[in-house]
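Below is one structure, written out as structure tokens, with a few remarks after it.
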Amino acid sequence: MAALASTSHQRIKSSSFALNGYLQIAPYLLPKTQDLHAFVIWHNDLHTDNIFVDLNDPVKIVGIIDWQSMHLSPLFLQARTPALLDFEGPLPDFFEVKLPADFDTLSPEEQERARKIRSMQSLYKL
């Protein structure tokens, strides 16, 4: 029974330590800009299969489906890059987005592919 009391005491002590640490950093977690605190509707499953466009004007969105997983919460908790913009290629090194070292020896098709990958990596960095 003494071991159980000791374990409970340790758990309470650890929880108290974690809570105090959280309370110290909590004021710095929220953005200062109040506009980011506004509640917004967020679609959690936005991808190309859920976006309908006008056949005669493909840049015109006419509908978005699958709203069942949407929710309402502050913008700073919601805003992120939609999945349809995710880059699935090789990730660039830290801050350098370069063409391959052997770029000059690549065929024109391979060079074009390398340029496209570099372009997508550059957007990924944003």
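The values are calculated or read from the model by the stated rules, or taken from the named source; none is laboratory data. Predicted model only: the values in this text are computed from it and were never measured. Ideal geometry is used to build each Cβ from the backbone, glycine not excepted, and the neighbour counts take in all protein chains shown.
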## Note on the structure
For the range 35-64 the number of residues that are at pLDDT below 90 and more than 21 Å from the chain's Cα centre (by Cα) is 0
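When residues of the range 8-47 are filtered for being in contact (Cβ under 8 Å) with a residue 24 or more places away in the chain, in a helix (DSSP H, G or I) and either surrounded by 10 or more Cβ atoms within 10 Å (Cβ to Cβ) or small (Gly, Ala, Ser) (or both), how many remain? If you could, list the steps in order and put the result at the bottom.
In the first step, residues of the range 8-47 are kept if they are in contact (Cβ under 8 Å) with a residue 24 or more places away in the chain; the result is 30-31, 35-47.
Narrowing further to those that are in a helix (DSSP H, G or I): 35-37.
Among the residues that remain, those that are also either surrounded by 10 or more Cβ atoms within 10 Å (Cβ to Cβ) or small (Gly, Ala, Ser) (or both) are: 36-37.
Total meeting the criteria: 2.
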### Task
Tell me, yes or no, whether the range 45-57 has at least one residue that is of a type in the set (Ser, Thr, Tyr) and either in contact with a Leu (Cβ under 9 Å, 6 or more places away or on another chain) or farther than 23 Å from PRO74 by Cα (or both).
yes
